[in-house]
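Report on the structure given below.
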Amino acid sequence: MKILIIDDSPDALEIAKTRLAKECADIVCAEGGIVGLEVARRETPDLILLDLDMPDMSGFDVCRALKADPELCMIPILFLSGSGSAEDKVMGLDLGGVDYVTKPFDAFELCARVRAALRTKHLQDLLIEHAHIDPLTGLPNRRALMERLQREWARMQRHGGQMSLIMADIDHFKRVNDTFGHHVGDRVLQEVAQTIARQCRDVDLPARYGGEEFAIVVPNELACDAANLAERCRREIAGIRIAVKNEKVTATASFGVADAAGAASPEALLELADKALYEAKNAGRNAVRCHAGAEKTPGKEALSSPGVQA
């Protein structure tokens with residue numbers, strides 16, 4: 001795990017780093033609150049040790065900025081201060097700090113409090129991961145998708161750039177459930193999910209939106225470029241073959257693509273992608289469509305494979 005120590009005193013930074021060397025192999029130091037915020041955004045540590053008394057930006061203000069950032073708000077903060085004031089402790093805890101250590105700190109106490117905070121962070125991460133994974137497909141679920149959309153939107157607003165969203169729906173999925181049963185339908189969902197995930201980059205987020213619908217958050221791409229990813233997914237899904245008794249169950253999917261250029265919010269982006277998906281369905285399914293204004297829309301290829309199409 002990674003620890004970030006933010007303090008305006010080089011001596012205090014060195015002391016804390018030395019005493020925590022055995023607790024964590026990756027310790028990052030930042031001298032001052034403003035630099036500390038920049039380092040936190042760059043490194044996304046697992047724990048932040050934050051000095052209260054800094055001339056450029058107080059620890060309280062740094063804490064407020066961290067808690068207001070959707071990408072950093074879940075990082076636990078352990079306050080460091082030369083003051084034993086109960087008022088400071090209460091304010092720090094009310095702002096979202098998890099603990100408080102008074103300088104000059106005892107090495108054993110500091111290490112114990114850091115271990116406790118890291119254990120809590122580990123359990124918190126496990127709970128969050130469990131709450132954000134769809135149990136059938138293993139993909140991130142709708143909650144994870146919406147949180148990632150919000151984070152990417154905030155990143156784009158802060159730093160500029162672009163982002164796209166792909167919505168996908170398995171064609172005629174009810175027919176599979178009605179003909180072969182829900183256990184086969186589950187296999188189709190799993191195969192489609194794995195196929196979509198294999199086409200994505202590490203920075204993309206494929207997710208199960210609900211039912212037979214999937215979505216992909218595509219950072220730093222316009223709709224015309226994200227449509228190429230959607231088209232690869234469409235082709236690969238069309239190649240799925242699941243043996244059921246003497247038949248082969250096949251699958252196709254329709255895709256809608258939109259980017260943030262025409263959206264005023266993450267919810268508006270979702271609506272644009274959903275409208276594009278509706279257009280793909282109206283175009284005969286097994287197709288990719290972009291929202292109005294996109295430069296390029298891949299064409300639809302007809303299927304000639306035998307068997308039931310999901």
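What's the number of the only condition in (1) buried (at least 18 other Cβ atoms within 10 Å of the Cβ); (2) more than 23 Å from Glu279 (Cα to Cα); (3) not acidic (Asp, Glu) that Arg119 fails to meet?
The failed condition is (1).
Among the residues of the stretch 182-212 satisfying the criterion of being more than 30 Å from Gly160 (Cβ to Cβ) and of a type in the set (A, V, I, L, M, F, W, C), which is surrounded by the most Cβ atoms within 10 Å (Cβ to Cβ)?
Here the residue is Val192.
Which number in (1) outside the structural domain of Arg201 (by TED's automatic domain parsing); (2) free of Cβ contacts under 8 Å to residues at least 12 places away in the same chain; (3) over 30 Å from Leu189 (Cβ atoms) marks the one condition that Arg158 misses?
(1)
Collect the residues in the stretch 89-103 that are in a strand (DSSP E or B), closer than 20 Å to Thr120 by Cα and not aromatic (Phe, Trp, Tyr), keeping them in residue-number order.
Asp99, Val101
Return the residues of the stretch 213-243 that are surrounded by 24 or more Cβ atoms within 10 Å (Cβ to Cβ) and either touching a helix residue (DSSP H, G or I) at 6+ places or on another chain (Cβ under 6 Å) or in a strand (DSSP E or B) (or both); say none if nothing qualifies.
Phe214, Ala215, Ile216, Val217, Val218, Cys233, Ile237
Failed condition for Ala144, given (1) more than 25 Å from Ala261 (Cα to Cα); (2) touching a strand residue (DSSP E or B) at 6+ places or on another chain (Cβ under 7 Å), with all others met?
Failing condition for Ala144: (1).
How about the stretch 114-212: which helices (runs of 4 or more DSSP H) wholly inside it have at least 1 residues that are touching a Leu at 6+ places or on another chain (Cβ under 6 Å)?
Counting at least 1 such residues, we get 142-159, 182-199.
Could you grab me the full set of residues in the stretch 247-287 that are part of a loop (DSSP other than H, G, I, E, B) and either at pLDDT below 95 or surrounded by fewer than 19 Cβ atoms within 10 Å (Cβ to Cβ) (or both)?
Ala263, Ala264, Ser265, Ala283, Gly284, Arg285 - these are the residues of the stretch 247-287 that are part of a loop (DSSP other than H, G, I, E, B) and either at pLDDT below 95 or surrounded by fewer than 19 Cβ atoms within 10 Å (Cβ to Cβ) (or both).
The values are calculated or read from the model by the stated rules, or taken from the named source; none is laboratory data. Keep in mind that this is a model prediction, so the values were computed, not measured. With ideal geometry, Cβ positions are generated from the backbone for all residues, glycine too; neighbour counts draw on all protein chains shown.
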